[in-house]
Amino acid sequence: MAENRLRDEISPYLLLHAHNPVDWYPWGEEALERARAEDKPIFLSVGYSTCYWCHVMERESFSDAGVARVMNRDFINIKVDREERPEIDEIYMAATQIFAQQGGWPNSVFLTPRLEPFFAGTYFPPVDMHGRPSFKTVLLSMKNAWDTRRDDVETQAGELAEAMQRMLEERGEPSPQVAAPVVAEESKRGLAGRFDAEYGGFGGAPKFPSPGNLFLLHDLASASSRGPAELDEQASATTMLETTLDAMARGGIYDQLAGGFHRYATDRAWKIPHFEKMLYDNGFLLELYALDFARGHDPDRRRIVLETARFLEREMTSPDGGLYSAIDAEVAGREGAYHVWTETELVDVLGEEDASFLAGLYGFDGPPFFDRSYYVLHLPQSWPEHAARRRVEVDALHAQVEPLRQALLAVREQRDAPAVDDKILADWNGIAITGLAVAGDLLEERRLVEQARRAADFVLAHHVLAQDRIAGQDGAASLRHSWRAGEARFDAFLADYVFLTRGLLALHDATGEARWLETAAALTDEQIARLEDRDQGGFFTAGDSPEVLFRSKEIFDGALPSANAVAVLNLLTLAEKSAGDERVRWLDVAERTLRAFTVYCERAPDAARMLTLAAHRWHRLAGLRVAVRHEGVETGLDVGALVGDAARAVVDASLTVDPRASDEGWRTFRLQLQIKSSWHLYAHRPYPAETGTAPGPEVVPTTLAGPPLRAVVWPAGEPLGVADGAPSDPAGSDVPQAYQSPQVYQSTVEIVGELQSDAVRPTLTVCYQACDDRRCLPPVELTVDGVDEDPAH
């Protein structure tokens, strides 16, 4: 079969169409120039490799010779992988939403040679049916309109382009201030109005994980507050978060045999999924379930995290550690064929007795409910509920079920497997790196941190053209968006910078290795140089290009949280990890970005939840840099630097290092902190594991940074109530345990471990927050130079 121009692409989605009889072009100057030269309209088709209806349209229409003749004769045909070119996808999805009042993929858009859309829709069937025109009918209609009503078509296209520009580009003048922190609570209340108290999630079917919603709820549920109103808000956020995480973990949206989450549920109860698996969903949910485990130490949360991490390692990781993009929903044209079961299949694998035992647990004790003949395995009740009904311990029930589960999985693995989209995207890898690093740190599972490290090393080795070009001020990008088959393509988009940076910051937290923080800062500098809107504030989705109709800014949350919101959160984290002028610089950019979107946070908090969360956090850190008026002129006073000096004076530190090193270069160290009277530091683990409490953002644990570390032994802290100078909780307090006093260090603290460094006098940086009974100073970093330890000591 002949090939078209897509044969030279690396995207699995584009290569799927390389043998179509359609004369496809990839998006680029060659196609656009031909459209202008021949004065032909453009048919743009946007999709992605794990999109079920994209496959259907490829089989029904794009493989049809008669349809292809019309396309090739009358149009310039361009195929785009939305995961490779998100800026193209965003622009023309806006057109489809305006035309059809809804969007989806495949996205089918007709453009003038000036790239202005004049008609748009999604999937079109091969023949007229159910009041929906066939794709061939649409083609002939568009050609007729182009030939006979050209002026009307171009006028409509110009008006639509203006509407799209207003939707995506004209974001208004920046506000003089950041949105008030109350916008986060308003956003949460909007969620409460849509919350499904029975099944979790928000609204009816279909139901998506919507990580922006869950991150906001986690932040509000974890904040330390004692007032009745604040406690009510936290209880409400906690209920919505816990109910949703529980329901998803029990539903068919979670792969009960192999781990990992499918894209979304088609029903209200999360029972029947759309079966594709996306890397970004699993990265976000890894992080969220780990964060929730740290809050309550629910063993089922831990199980979900470990199973999902194993799924990523087994099915979505390249030999060199990079993470693949997605797994398809269909096999041989049947959606879910790999995952679903008939009753006969279940009995054949398990036998009558074990199938009967498992049926109530995994929801196949009633009539089939998928495609009339099949079951999707799910848990109608929680494991504790099942165990109580059977009068056994949960661990004992798991032990009974596990061999049966493995038997089903082994048979499933003999089936034809769905296709894997093996391109490696910088942004989605960053999401998974964050999830793995956070989960490994919170669950104290170092192998998950190692998974994250391998993925980060892969991206930095294959997606970065040259490390010494990062943060160049010439507007050029060193970071690339997509890698496959030995080739990196496309200058980085905003999402690449922010999600990869977020992952590197999480790795810095989990390992203490300085290189992750340094690279995160350098990539953020490059992001600012290339993508910041210096006039209005905020960041553009992509760099300037003559091939794109206009530059947009991503504000609202979708399947991924808003990239501008994540940019602000990264900047705030960098500020917390910095000092002096550098801290102020990061905070200034964060403030400019937030002020650009204040109106959207205030008017549409339901659509901009991650931006409201970013504003909420910014106000918590506002004390790091304050504005004061001096002789009628508003100036920036770096109070953070002044107070930082005071915070460093609270601690005297000494570091002794054994000059002898192991064969691998490891040396023991001993770090002693002498804390001034009446002051204390938050402990490395402010809340012991058995309390089931995770620190809120206002509780900054003591950590170490510097050369690679291992075998670090942190001392236990003392409850804040008995720390020097701190007030005690009243005897018999009925304050919920989640709000009881954190653990702190006071007086003398000693930390021991091993470091790896070639330096004669290595240094460590201790990061801490100093507090007394009246206040907490901003977090600071104190660098400590090492001295040789007496070997006889």
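For residue 416, the shell of other residues with beta-carbons less than 15 Å away shows a net charge of -3, using +1 for Lys and Arg and -1 for Asp and Glu. Find the centroid of the Cα atoms in region 18-38 and in region 400-444, then give the distance between the two in whole Å. Spelled out, the Cα-based centre of one part sits 38 Å from the other. Within the chain, how many Lys pairs sit with Cα atoms under 22 Å apart, leaving out pairs fewer than 8 places apart on the same chain? Eligible lysine pairs with Cα atoms under 22 Å apart amount to 10. At a Cβ-Cβ separation cutoff of 4.7 angstrom, cysteine residues of the chain with no neighbouring cysteine are 601, 767.
Distance from the C-alpha centroid of region 650-677 to that of region 749-763: 5 Å, rounded to the whole angstrom. Working note: Karplus 6.51/-1.76/1.60 with θ = phi - 60° gives region 255-269 the couplings 6, 5, 9, 10, x, x, 10, 7, 5, 6, 9, 8, 10, 5, 8 Hz, where Gly and Pro are set to x.
Rolling a 1.4 Å sphere over the protein heavy atoms, what is the accessible area per residue of region 448-605, to the nearest Å²? Spell out each step's value before the answer.
Numbers: 5190 Å² over 158 residues.
That works out to 33 Å² for each residue.
For residue 274, the residues 5 or more places off, or on other chains, whose built amide H falls under 5 Å of its own are 263, 264, 265, 266. Centre-to-centre, using Cα atoms only, region 516-556 and region 74-103 are separated by 21 Å.
Close amide H pairs (under 5 Å, H built 1.01 Å from N) link residue 324 with 317, 318, residues at least 5 positions away or on another chain.
Work through the residues other than residue 73 whose Cβ is under 15 Å from its Cβ and net out their charges, Lys, Arg +1 and Asp, Glu -1.
On the way: positive: 34, 40, 69, 136, 143; negative: 23, 38, 39, 64, 74, 147.
My count for the surroundings of residue 73 gives -1.
Under a 5 Å amide H cut-off, with hydrogens placed 1.01 Å from N, residue 560 pairs with nothing among residues at least 5 apart or on other chains. Calculated mean residue ellipticity at 222 nm for the chain: -14000 deg cm²/dmol, from DSSP H runs with n ≥ 4 weighted as -39500 (n - 2.57), summed, divided by the residue count and rounded to 500.
Once you list every other residue whose beta carbon is under 13 Å from the beta carbon of residue 547, what net charge do they have if Lys and Arg are +1 and Asp and Glu are -1? Show your work: numbers first, answer last.
Numbers: positive: 36, 85, 114, 551; negative: 29, 30, 33, 87, 491, 544.
Counting the neighbours of residue 547, the net charge comes to -2.
Averaging over all projection directions, find the projected area of the Cα convex hull of region 340-490 and quote it in nm² with one decimal place. Please report the intermediate quantities before stating the final value.
Numbers: hull surface 54.3 nm².
Across all orientations, region 340-490 yields a mean hull projection of 13.6 nm².
Note the angle between two axes, namely the Cα long axis of helix 426-443 and the longest principal axis of the Cα atoms of the chain, as a number of degrees from 0 to 90, rounded to the nearest 10. Around 40 degrees separate the two axes. Surface composition of the chain: carbon plus sulfur atoms contribute 49% of the solvent-accessible area (1.4 Å probe, protein chains only, all chains present).
Helix 182-194 axis versus longest C-alpha principal axis of the chain: approximately 50°, rounded to the nearest ten.
Once the Cα-Cα distance is subtracted from the 0.36 nm per residue extended length, the residue 385 to residue 2 segment shows a gain of 132.0 nm. Select one label from [x] 1.13; [y] 1.08; [z] 0.98: the one whose number is Rg/Rh (Cα atoms, Kirkwood Rh) as derived from the coordinates shown. Recomputing Rg/Rh (Cα atoms, Kirkwood Rh) here gives the entry labelled [z].
To the nearest ten degrees, helix 343-362 and the longest principal axis of the Cα atoms of the chain are 50 degrees apart.
The values are calculated or read from the model by the stated rules, or taken from the named source; none is laboratory data. What you are looking at is a predicted structure, and each value in this text was computed from that prediction instead of being measured. Don't worry about glycine lacking a Cβ; one is built from the backbone with ideal geometry, like all the others, and counts go over all protein chains shown. Surface areas here come from the heavy atoms of the whole protein model, side chains and all, with no ligands, DNA or RNA. Shrake-Rupley method; radii C 1.70, N 1.55, O 1.52, S 1.80 Å.
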